[in-house]
Structures are given as structure tokens and as C-alpha cells.
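Notes for the one structure printed next.
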Amino acid sequence: MTWLTKWAFGNKAAAGLLIVLALVVGAISYTSLPMEFMPEADNPQVTVTTLGPGQNAQAMEESVTKPIESAIAIVKGKTEMMSSSGDSYSQVNIHFDSKTNMKDAAQEVQKAVDTLQFPQGVMRPYVLQLNTSMIPVSELTLTFEEGITEDTLKTAETVIIPELQKIDGVANVSLHGKASPQVQVKLDPQKMAEKGVSVAQMMGLLQGRSVAASIGEQTIGGQTGSIGVVSSIDSVDMLKSLPVIDGVKLQDIASVEAKSDQESVSRSNGKDVLFAIVMKEANANAVEVGKKVQDAVDDINKNIKGAEAEIVYSTSSMVVDSVNSMMREVLLGALFATVIILIFLRNFRATLVTVVSIPLSLAVTLYLLSLSGITLNIITLGGVAVAVGRLVDDSIVVIENIYRRLQKEPFSISMIINATKEVAGAITASTVATVAVFLPMGLLRGSLQAFLLPFALTVTYSLLTSLIVALTVVPLLSSRLLRNTAMKEHEPSKWFHRFLDWNLSRKWVSLLLGLIILVGSIAAYINMPKGALSASDASFISVELKYPNDTPVPEVLTEGKKLEQAMMKLPIRQAISRTWA
């Protein structure tokens, strides 16, 4: 690798230009890199959901759930399968091992269920494969001075939601907590038996409402055209008067009433609210989208009278906090490394030459991450934090050898090149060996690769860049900063010499301590909690109240309001949100 050093000295202007360019593109890459909480990765699970209006739980299990389970039994890579069936719905969750390519697995599941035939009225199943990019970027509450009414709900659906939907980078905005009007028809078995009406007749009658059909081409008044017949019900009274059989109307055998089916009850800070969940596009910057959502919320509060929007949860703030925290750790690591180098070299100029490898290596690393399409997240920043201590290793070896030669020889360019040449092979072998440890982590298959490949590439880019810096920039700066510098050879440390003598005369102590540390390390690994990601403070606390299924809804609402009032009295709280499903 000596040719790199010789090239740097032979092309000082080009080398200087490359150094400045590296710092500039590194700064630009840092500001332009998409920020995410974690890398985009597939969840090793596929969910198959099927809706069958009018079907009871037993029918859904026999005619939908079991056929789906049989069809997907041949899918490769699955580890377990869990299913649930209820009135009008069926859900099957298939879990896969971490090595499975989840996009291929989802396609196999889709092909398997597409071959199935279901009873009339059962919708086609839809297959969902979750991804970390599907994590909502923001969650908003919408409150109105008039409360949740038909008018305010219309305002939310036609004004506020479209305002959020048009934000650049937003993929979808869903509104929750609204009431859905429906008509409940409760059949009376005794009256049906008296009138001679069966359940099958009723199902066919009701399912035939609100449909449109074509009866073909007809000629009327000399004009030929296609005739369509539309059957619809516009009111509850019309539904009650619907003839079932001759002389029997629907109201004669069933109770018909309009109801408001609310999927959930949502409240925030003591008020009824609607929840709006904002999803970003896969390649959008979470931080930028979060800022734009906040700007949109400010505009909504300013321009829409009687409405108030508030962000109660935002992944963008979590991303910023995580990135800033990790970057702070990186800078502290660089500072401590500088202090340690200064303590041992005891020369400010030599320390400055060594430390320059940290910002240069990080700048080039950020640029290479941008070219690789990798986002700035807790995994990549973790790789940077791991690599920071290693970034100066090669430079320390080079500057220490130059420093040692300067204590015995007069300064010259050839001396610096020879001093670099002496250690070039050693630092190259050391760096390549370290890369050989980290890079294979990115060769894993499945969802694990999405997490570990950015980490492996970050460490690899950092280490290889630090090697190039040590062989080019460090000798160049040494030729400038260490010129005319008088260096005296330091006396060896007396306390360290005494420590070595004591240690060598009592070898059993060192061996015993080494054995204890080895055994303790194995025990610590076995007992250490393990997980995909470390636990962290998400800045919110979730409290859940559970009641038996037969608990009346008013009682649940009353007790929930009591908990809400108690939590609102806490001095440290910022917002209290709750939802009853």
C-alpha cells in the first residue's frame, strides 16, 4: 500500500482538494440522508384476513379458516400458524423464520389462497405483509367546539384529512373513532314460524337490496338502448315495509331500527376526539414528513374555525432524539479518543494529525451510505459509534512510528514515507481482518439482513476509509505540522516496568483472573436478556383496563373517565389520550 503514500506526496494539490471535497460531500450527505428510526425491514409474518358478512363464527371456521390453513400448509419457511374466527371474519397469521424472504413468502401465500373457492357472500381474502416503513409517522387528535357531530365529521373527512393527504411524502391518512350508521334487523323466530318464513329466504331478500342489474337491450318509443334496474332502500320505513312473502312485511317478523355503530370511543384531555393516523411513503424522510405534518396542523388550527388538531405521537421526534443522542455519543467518543492520544503522545501537533482521521472517515462514510441508499437510523449510527474508536487506530500506528523515527533521525519526506511503509502492511492486515469480521454480518438472509447489512456496511466503509486516511492524509499532514519540531525520546514509565515485573513473577494470578473473566463472560451471555432491539424510553406510558366480555359499555366508559380524570391531575403529563374498542 506504499503507492498510496507516494501518490499523495506526488500530488499534494489533488490530495488537498480531495480532502476538502470529502468534508463537503460528507456534510451535504448528513443533511440530505433520510432519517428513520430503524432500517426498512420486513416483519417475518403474513396475515390473511377474510370478511364474510352474515356468516357466523362456526361457518367462517369451517368454510374459510380451515381451507386457508390447508392451502398454506405447503408454504416453505413457516414456523407456526395461528388463526381466529368470529362472526363475519376470519384471520390467519403465519410466522416465518428469520431467513425467509418475506416478499416471496407473501406471494406464495397469495397464490395459495387465490386457488380457494368460498361460499357466496364471502369476500376474497387479502394478504398483508407488514414492514417497518408502515409504522405511522404521526398520530393526531381532532377536537371540535361543537363536539363530534355529523357536520364536524364531514369537516374532518372533506377538509382536514385531504389537507393532510396532500402533504408531500404522505402515503395515507386514516380517520378513526367515527360512527358508522347502520340498520339492525333482529328476526323473531316465533313470528317467522307462524308466517312460514325461513332464515334463508330472509338472507336472500336482504342481500338482494341496494343492487343494480342490466336486463339487456330494449326498444322503447323507437329508441334502442341498454336498460338497467336499480333496487335500493332509502329509509328505515321503506325497509320495514319490504314484502317478504305475500301478505307479510319485514316489520311483521322482525324489529328494524337505525343504530350508530361506533368502532371505538376516543377521548383526549377530557374531550371526545377523532384520531387521524398519518402513514408516510416508503422512501420519504420521516423527519421531513413529521415537520410538514406539524406545519399542516398549525394551518388547520389557524384557518378552520372551531377545530383543533394536536399531534400526540410522532416518530419524527423520536428519530431526531435518537439520531442526536447517537451523534452526541459519537462526538464524545471522538473527544475521549483525542484526550487519550494526547496523554500518550504528549504532543499537540501529533495529536491533531491523528484526530483528523475521525471527521474525514465519517464524512466519506456518510457519502458512501448515501450512495448505497442507506438511511440514517439507530443501526447505522450504532455502526458509526462502534467504529469511532477504531478509526484512529491506523493513524495512531503511523504517527507513532513517524514520531519514533523523528526522535532519532532528522526530518525529511523520505523518512516519513519510509516510516509509513514500515507499518503499512501491519495496519492493512489489521483493518482487513476487522472488516472480515463485520462484513459477513450483512450476508444473512431474510429480515435480519435488512437490519445488519446497514450496520456491516457502515463499519466497513469507516474502517477502509480510515486506512486510506492513515496512508495518505496522516503522512501529508505530518510533513507539514511536524516540520522543525524537536522531539526528545521519553523515558520509559517506571511504574509500568514494576507492574510487568510483579506480573511475570506471579503468572498464576494473571492466568486465574483470565479464567475467571472467561467463565464470567460465558455466564453473563447466558443470563443476559436478548432481543432484536434494545429497550428505550418512548416518552409515553400506556395503561390498559380489562373487563369481562359481559361488562356493560356504560360501565366501561364511566370507569375509563375516572382513570382519565386521575391521570389528568398528574403534574408531569402533557396529553392524555384514550380509546375504548
| query | Cα centroid distance between the stretch 52-108 and the stretch 1-47, in Å? | reply | 45
| query | Amide H neighbours of Asn377 under 5 Å, counting only residues 5+ apart in sequence or on other chains, H built in-plane at 1.01 Å? | reply | Glu36
| field | the stretch 409-418 - phi-based ³J(HN,Hα) in whole Hz, Karplus 6.51/-1.76/1.60, Gly and Pro as x | value | 10, x, 5, 6, 5, 5, 5, 5, 5, 5
| request: Filter the GluC sites (Glu not before Pro) in the stretch 72-176 to those in DSSP coil with at most 13 other Cβ atoms within 10 Å of their Cβ, and list the result. | output: Glu145, Glu146
| remark: Sequence order, the stretch 383-388: Karplus ³J(HN,Hα) from phi using 6.51 cos²θ - 1.76 cosθ + 1.60, θ = phi - 60°, Hz rounded, Gly and Pro as x, gives x, 5, 4, 5, 7, 4
| Could you give the dipole magnitude of the stretch 46-116 about its Cα centre, charging the beta-carbon of Lys and Arg +1 and that of Asp and Glu -1, in debye to the nearest 20? | 260
| Kirkwood hydrodynamic radius of the stretch 333-479, Cα pairs, Å | 15.9
| query | For the stretch 407-473, what is the accessible area per residue in Å² when the probe is 1.4 Å? | reply | 43
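The values are calculated or read from the model by the stated rules, or taken from the named source; none is laboratory data. Just so you know, these numbers come straight off a predicted model, no measurement behind them. Quick reminder, even Gly has a Cβ in these numbers, built from the backbone with ideal geometry, and neighbours come from all protein chains shown. Keep in mind that these areas ignore ligands, DNA and RNA; they rest on the heavy atoms of the full protein, side chains included. Shrake-Rupley method; radii C 1.70, N 1.55, O 1.52, S 1.80 Å.
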